[in-house]
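Below is one structure; the comments refer to it alone.
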Amino acid sequence: MLEKKELVDLFLVFLAFVSVGLLMFEFDHPEAVTVTVPVDFAIAVFFLGEYIHSIHSAERHFHYAVSHWYDLLASIPMPFSAVRALRTVRIIRLARLIRTMRALRLSRAFVFLEESKIGYVLVAFVMALLLGATLFHTIEYGENPQLRSSLDALYWAVATLSTVGYGDIVAVTSLGKLITIGLMIFGIGIYSSLAGLLAGYLMKNSQRSENQHEEK
């Protein structure tokens, strides 16, 4: 049975995805800011309250506050739609997935993802995907005739991060091209990391099985 802390972490992960979804929805429906901004503000206040509570509960308050600076960054309430670009930091909230995965370990799949560290890489992949899509949309929208919606930005991010690069949507601004280069390089690193971590996990399990066999 899940403990209270684990339930809170799961709820925070859910809110993290909701906040990212609100941002993407706002891209296509700017008239919805009267709803999305207050909801995002409320979510930020909830995250900020949890951050303050975690500091209070930690044995070393200052050390926790400094080492979890990203939680604070993702929790700062931004009540104005004009700071939409800054609200992309909400994607940092998805780092909660790592903490939740480490705490749950409810199935062999979670155990595998946590022990092999592959889960961390997958979380980084999702965060890079969403961050790339939101930044690309923020920078290129209005300048790039190929970019018509947030779905187009997400499609571009998947094609770029997977290093496929179909070429039907390409960056036209200098900053957009720099983001494209960065996302491609990150994608190459992601796949190399996955291959290395999987190979290391299989070798470790193989050695463990051999040791157990020898002991018998």
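The values are calculated or read from the model by the stated rules, or taken from the named source; none is laboratory data. Remember, it's a predicted structure, so these values are computed and weren't measured experimentally. When we count neighbours, we look across all protein chains shown, and the Cβ atoms used for this are built from the backbone with ideal geometry, even at glycine.
Structure notes:
- Criterion (part of a helix (DSSP H, G or I), hydrophobic (A, V, I, L, M, F, W, C), outside the structural domain of ARG96 (by TED's automatic domain parsing) and at pLDDT 90 or above) met by exactly one of ALA133, ALA199, ALA195: ALA133
- Restricting segment 19-32 to residues that are in a helix (DSSP H, G or I) and either small (Gly, Ala, Ser) or surrounded by fewer than 16 Cβ atoms within 10 Å (Cβ to Cβ) (or both), the residue that is farthest from the chain's Cα centre (by Cα) is GLU31.
- Among the residues of segment 161-181, those that are under 17 Å from the mean Cα position of the chain (by Cα) and under 16 Å from HIS137 (Cβ atoms) comprise LEU161, ILE179.
- In segment 11-33 there is no residue matching the filter, namely being outside the structural domain of SER150 (by TED's automatic domain parsing), modelled with pLDDT under 75 and closer than 23 Å to PHE125 by Cα.
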